[in-house]
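Written below as structure tokens is the structure these notes are about.
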Amino acid sequence: MPQIAVDAMGGDRAPRMVVEGAVLAARELGVEIVLVGQKEAVERELARQGGAPRLKVVPAAEIIAMHESPSSALRKKNSSMKVAFEMMKRGEVDAVVSAGNSGAMMATGMFVMGTLAQVARPAILIVVPSLKNGTVIIDAGANVDCKPRHLAQFGLMGSIYAERILSIHNPRVGVLSNGEEESKGNELTRAASEQLSASPVNYIGYVEGRDIFNGKVDVIVCDGFTGNIALKTMEGVASFAGEVFKGAFQKNLASRVGYLMSRNALREAYRRLDYAEYGGAPLIGLEGVAIIAHGGSDPRAMKNAIRAARDEIQQDVNRHITEILGDVEAGAQKEGLPHRIWQRLKSKIESLGDEAESVDEREDQKRGGQG
């Protein structure tokens, strides 16, 4: 049974919302929960919930505030976040979940756990709703400055996650850019696109912001600066749309009646758009499983963040990442990037030749028919 440490003091409404979510998870998800935090505060909230099976408390005296810098967070030796990661390092738990400071989560995870073999940098992965199964965006804020190799690895890790967790066969991977044409983008995206084209992922080229939701692509690769702006823009648009609809339905009696008649459909639509349904954001590439929940998470969102951790453990995502990246690195050392680029160019030349032959055959058929 998966054992998951939950940072009980992390988040805007901790520990109450965190403890409520952990109790729901312990009752419904078949996991063992370790709540890490200030013992009296956590046990007080547990008493309010009537407790739960397979749930215990581990004390940690210090709290990392949402506004603290990562360097300040690392100096706290007995923070709930650090104690949780140290438990995972010792093998006492299989994953860490926190709705606390995401920068501190990244820094503490890296400091205590390190990265998987072959992984240059871990990344924050998010799943957003789309017309199909949901779209993976990676990186969503962990790495502001990236090199092409980092983006190529993000694409590979995102593809593995989409296949193992979202059950998407052969996920389509694209690089977020300012246009679909190969001439678009910048030096980083062009170099990353070249490397992804030579990798084993199902790379489809550049995609645009509108493709996040339309089901054209399953995994969108970008640097953390771009990804975080995209994420915050989506959150803002969702909030704006909610307020617009709220005002429209409260406008007059007819609009109120319209709301009553359509509220079930609206609730279903809101459920699909609600971040709480998708749980937290995996810090993927870390040596261990770490889930960053939204700072404003309610109990349902916390439960689903714990579910995300459980799924990643059960699907053994980290082992798949290590094995595939190891194969890619071994292949690169054996063949060399120039060799792979030549193979791609050769393939394109051959396909162009096939197209030319097909055109010639059609022209011959036309001339034969006219004769």
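Quickly rank 295-302, 16-23, 110-117 as a protection proxy: mean count of other C-beta atoms within 10 Å, highest first.
Ranking, from highest mean packing down: 16-23, 295-302, 110-117.
Taking θ = phi - 60°, what integer Hz values does the Karplus form 6.51 cos²θ - 1.76 cosθ + 1.60 yield along region 5-18, in sequence order, with x for Gly and Pro?
Running phi through 6.51 cos²θ - 1.76 cosθ + 1.60 with θ = phi - 60° gives 8, 10, 6, 5, 9, x, x, 5, 10, 7, x, 4, 5, 5 Hz.
Report the far tail of the P(r) of region 51-136, meaning the percent of Cα-Cα pairs longer than 14 Å.
Value for region 51-136: 70 percent of Cα pairs lie more than 14 Å apart.
Ranked highest first by average number of other Cβ atoms within 10 Å, how do 185-191, 74-80 line up?
With the highest mean Cβ count within 10 Å placed first, the list reads 74-80, 185-191.
Rank these residues by their accessible area, most exposed first, probe 1.4 Å: Ser239, Ser130.
Ser239, Ser130
Please state the shape class of region 1-99: rounded when a/c is under 1.5, otherwise prolate if a/b exceeds b/c and oblate if not, all from the C-alpha gyration tensor.
Here region 1-99 falls in the oblate category.
For Ser159, what is the net charge nearby, where nearby means another residue's Cβ is under 10 Å from its Cβ and Lys, Arg count +1, Asp, Glu -1?
Here the count lands on 0.
How big is the gap, in Å, between the Cα center of region 1-46 and the Cα center of region 59-136?
One Cα centre to the other: 16 Å.
Could you order the peptides 55-61, 155-161 from most to least packed, using the average number of other C-beta atoms within 10 Å per residue?
My ranking of the peptides, most packed first, is 155-161, 55-61.
Return the long-range amide H neighbours of Gly280 (sequence gap of 5 or more, or a different chain), with a cut-off of under 5 Å between placed amide H atoms.
Ala305, Ala308
Rounded to the nearest percent, how much of the accessible area of region 47-178 (1.4 Å probe, protein heavy atoms only) is carbon and sulfur?
Percent of accessible area from carbon and sulfur atoms in region 47-178: 51.
Under a 5 Å amide H to amide H cut-off, with H placed in plane at 1.01 Å, what residues pair with Val207 once short-range neighbours are removed?
Under 5 Å from the amide H of Val207: Val175, Leu176, Ser177.
Please list, ordered by chain and number, the residues whose modelled amide H lies under 5 Å from the amide H of Arg172; skip anything fewer than 5 residues away on the same chain.
Sorted by chain and number, the residues that satisfy this are Asp218, Val219.
The values are calculated or read from the model by the stated rules, or taken from the named source; none is laboratory data. Bear in mind that the values here come from a model prediction, so they are computed numbers and not experimental data. Note: ideal-geometry Cβ built from the backbone for every residue, glycine included; neighbour counts use all protein chains shown. With ligands, DNA and RNA removed, areas are computed over all heavy atoms of the protein, side chains included. Shrake-Rupley method; radii C 1.70, N 1.55, O 1.52, S 1.80 Å.
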